[in-house]
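Just below is one structure, and these are the notes that go with it.
The values are calculated or read from the model by the stated rules, or taken from the named source; none is laboratory data. It should be emphasised that the depicted structure is a prediction, and the values quoted were computed from it without experimental measurement. Glycine gets a Cβ as well: all are built from the backbone with ideal geometry, and neighbour counts include every protein chain shown. Quick note on the areas: whole protein, heavy atoms, side chains included, nothing else; ligands and nucleic acids left out. Shrake-Rupley method; radii C 1.70, N 1.55, O 1.52, S 1.80 Å.
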Amino acid sequence: MQLKRIFLLEDDMSLRRGIAMALESPEVSVIQAGCIGEAESALGAGEQFDLMILDVNLPDGSGLDLLRALRQGGCRTPVMLLTANDMETDIVSGLELGADDYVTKPFSLAVLRARANVQLRGPVPGSAAVELPPFRFDFARMTFERAGKPVELSKTEQRLLRLLVENRGRVLRRELLLDRVWDGGEFVEENALSVAVRRLRAKLVDAPIRTVYGIGYTWEADK
């Protein structure tokens with residue numbers, strides 16, 4: 001089994017050590033940083049990671065700024081954010097910038113480990129490409145196109161898209177989407193789903209993703 005590598009950015013040393021101990025195993029290694037400067041040095045060395053966990057509030061900057069730079073630079077590695085429990089604006093901003101998930105402080109290390117494992121597993125491979133002109137989605141190869149042009153989707157967006165496409169014509173309740181996209185969804189706020197849908201619509205221009213108010217979402221079958 002290939003070793004999974006997690007990059008952890010957290011300035012609280014005791015919390016950082018606790019997170020690393022909770023996540024490390026014979027299959028997972030954790031590389032740590034305590035500030036933006038250390039993170040930029042580590043990430044600038046060209047090392048590859050399977051998951052990044054970034055604290056938002058840091059002594060020398062914001063994890064959101066680092067996330068923005070990563071996404072603008074073409075980094076597709078899944079990113080989880082660690083946020084203060086009363087900072088909803090940070091959560092929404094992070095999701096808009098391309099974060100795949102977030103955990104609010106204080107949190108259970110068991111919950112964090114479970115959510116990290118979801119990101120490490122990635123999307124469930126598909127069996128065949130789906131042609132829905134002008135869209136073409138190949139979930140096995142994780143390639144997505146609109147009018148022949150590639151579209152970059154995060155792993156969270158891939159999971160959401162697959163659920164909508166494979167159930168096109170059916171209304172999927174918000175509770176079901178939260179459960180399936182975030183592997184239980186027990187600790188995920190509903191605004192995470194709203195933001196993920198908004199990001200998917202922005203990337204897949206004119207996609208027939210319709211909101212069924214008070215219930216959920218559907219990919220219209222006749223579109």
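At-a-glance table
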{"read-out": "Residues within the stretch 64-92 that are closer than 21 Å to Ser108 by Cα and open to solvent by less than 10 Å² (accessible area, probe 1.4 Å), tallied", "value": "7"}
{"read-out": "Exclusive hit being in contact (Cβ under 8 Å) with a residue 12 or more places away in the chain, touching an Asp or Glu at 6+ places or on another chain (Cβ under 7 Å), open to solvent by less than 70 Å² (accessible area, probe 1.4 Å) and part of a strand (DSSP E or B), set Ile6, Ile53, Ile19", "value": "Ile6"}
{"read-out": "Long-range neighbours under 8 Å by Cβ, at least six apart or interchain, first residue farther than 14 Å from Ala221 by Cβ and touching a residue at least 24 places away in the same chain (Cβ under 8 Å) within the stretch 157-183, second acidic (Asp, Glu) and crowded, with 17+ Cβ neighbours inside 10 Å", "value": "Trp182/Asp101"}
{"read-out": "Selected residue (only one of Ile6, Ile31 is of a type in the set (A, V, I, L, M, F, W, C) and within 16 Å of the chain's Cα centre (by Cα))", "value": "Ile6"}
